[in-house]
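Before any comments, here is the structure.
Just so you know, all these numbers are worked out from the coordinates, no wet-lab data involved. Keep in mind that this is a model prediction, so the values were computed, not measured. Glycine also receives a Cβ, built like all others from the backbone with ideal geometry; neighbour counts cover every protein chain displayed.
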Amino acid sequence: MLEHGGNLGDMVRRLGLPEADWLDLSTGVNPHGWAAPTPPPTSWHRLPDPDDGLCEAAAAYYGTEALLPVPGSQAALAMLPYLRRVGRVAVIAPGYAEHGAAWRRAGHEVVPLSASQLAGGAGTAFDVLVVINPNNPDGSRFTPETLLEWRNGIASRGGWMVVDEAFVDTMPAYSLAPSCPLPGLVVLRSIGKFFGLPGMRAGFALGPTDLLARLEEALGPWAVNGPARWVAQQALRDTAWQAVMRDRLHNEGDRLERLLARHFPQRSSGTPLFRTVLTPRASQIHEALASRAILVRLLDRHDGLRFGLPPDEAGWERLDAALADILETEPARA
Ligand SMILES: Cc1ncc(COP(=O)(O)O)c(C=O)c1O
């Protein structure tokens, strides 16, 4: 299994600090998640109903009817590589490492490409191009115009472009969802990040009808459970909450950028839900924060740290004070 954020249990066991004392900033999940009400008893006692209104709610939110509910975008991205013949696949890197692992597992040749290589057009020569937009962990992003141009070339040769939009909800203008369905374009959306409901395991795959039908068949019947379908539907329909939350997350993302700028000479990059700083001292700072019961994400290459948003004022103050304590004694080496 690959390493991701959110492994607080491991740290609690390793360092022995009580779980309640930890400030977990290791994921890019919204700390002010949509407050899910209790689902109706029928959602537990009956099999999930595909006509329960979830797809209509999702169509209104994403701007397309070409969608399939999936048990988290992770489940969809892990299955897609089995739905086409083995080929050459370009995957944005560094990025959410599950994409490359999934295509490799299914026998494809995976070529990691940096955001700047992709920007130069290097991804369009492949059978499949996987882009994360905006990217996790560095927040790099491509405009819909650029992505649609790439898709034109790839799809004309029978290829696919998979766009993972797990973090796009705070910047909907970047989304390709309203352009779906288009041949060869698959868009993956998560309910976990912006709505702050990662434990529910719900998301959507958007794309051409025949491709979604094959994905649905591969995932099997009732892939998304009834209570999750009900909660997701209410969250997708709550447009007032979504508008307020988008503004709030933009403000908090800016605040996190300013906080990090006070402590690190390097500029952070990211999205409203997380910011990443590249620093040669990433491992030491990660450990020093952990010894203060603050968990951040150490990047896979140990060359940087990703910070999620603190949930409350006490969290903001703790992070600020801990970074001052750790870095201000030796700022030149940060
Ligand atoms: C970029 C990206 N895509 C997809 C996922 C999977 O999210 P989920 O399966 O909860 O939708 C993650 C999880 O961290 C992610 O970071």
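Mind listing the long-range amide H neighbours of Leu185? Cut-off is under 5 Å, sequence gap 5 or more, other chains count too, H placed in the peptide plane at 1.01 Å from N.
The list, which skips near neighbours in sequence, is Met161.
Whole percent per 10 Å bin, from 0 to the bin with the longest distance: what is P(r) over all C-alpha pairs of region 220-334?
In order of increasing distance, the bins hold 12, 38, 23, 18, 8, 1 percent.
For a quick check: sort Asp169, Asp210, Asp238 by the number of other beta carbons within 10 angstrom, fewest at the front.
Working: Asp169 24, Asp210 10, Asp238 17.
The fewest-first ordering by Cβ neighbours comes to Asp210, Asp238, Asp169.
Using a ≥ b ≥ c from the Cα gyration tensor of the chain (square roots of the eigenvalues), is it rounded, prolate or oblate, where a/c under 1.5 gives rounded and otherwise the larger of a/b and b/c decides, a/b for prolate?
Since a/c reaches 1.5 but b/c is at least a/b, the shape of the chain is classed as oblate.
Beta carbons within 10 angstrom, averaged per residue: use that to sort the peptides 109-120, 299-310, highest first. Could you put the intermediate results ahead of the total?
Details: 109-120: 15.8, 299-310: 19.7.
Taking the mean over residues of other Cβ atoms within 10 Å, the ranking is 299-310, 109-120.
Can you classify region 211-285 as rounded, prolate or oblate using the Cα gyration tensor, where a ≥ b ≥ c are the square roots of its eigenvalues, rounded means a/c under 1.5, and otherwise it's prolate if a/b beats b/c and oblate if not?
Oblate, because a/c is 1.5 or more while a/b does not exceed b/c.
What ranking of Met79, Met1, Met200 emerges when the number of other C-beta atoms within 10 Å of each C-beta is taken as an exposure proxy, fewest first?
So the residues, fewest neighbours to most, are Met1, Met79, Met200.
Suppose every K and R has +1 on its Cβ and every D and E has -1 on its Cβ; what is the size of the dipole of the chain about the Cα centre, in Debye to the nearest 20?
Here the chain has a charge dipole of around 620 debye.
Give me the dipole magnitude in Debye, nearest 20, for region 10-61 about the Cα centre, with unit charges on the beta carbon: positive for Lys and Arg, negative for Asp and Glu.
200 debye
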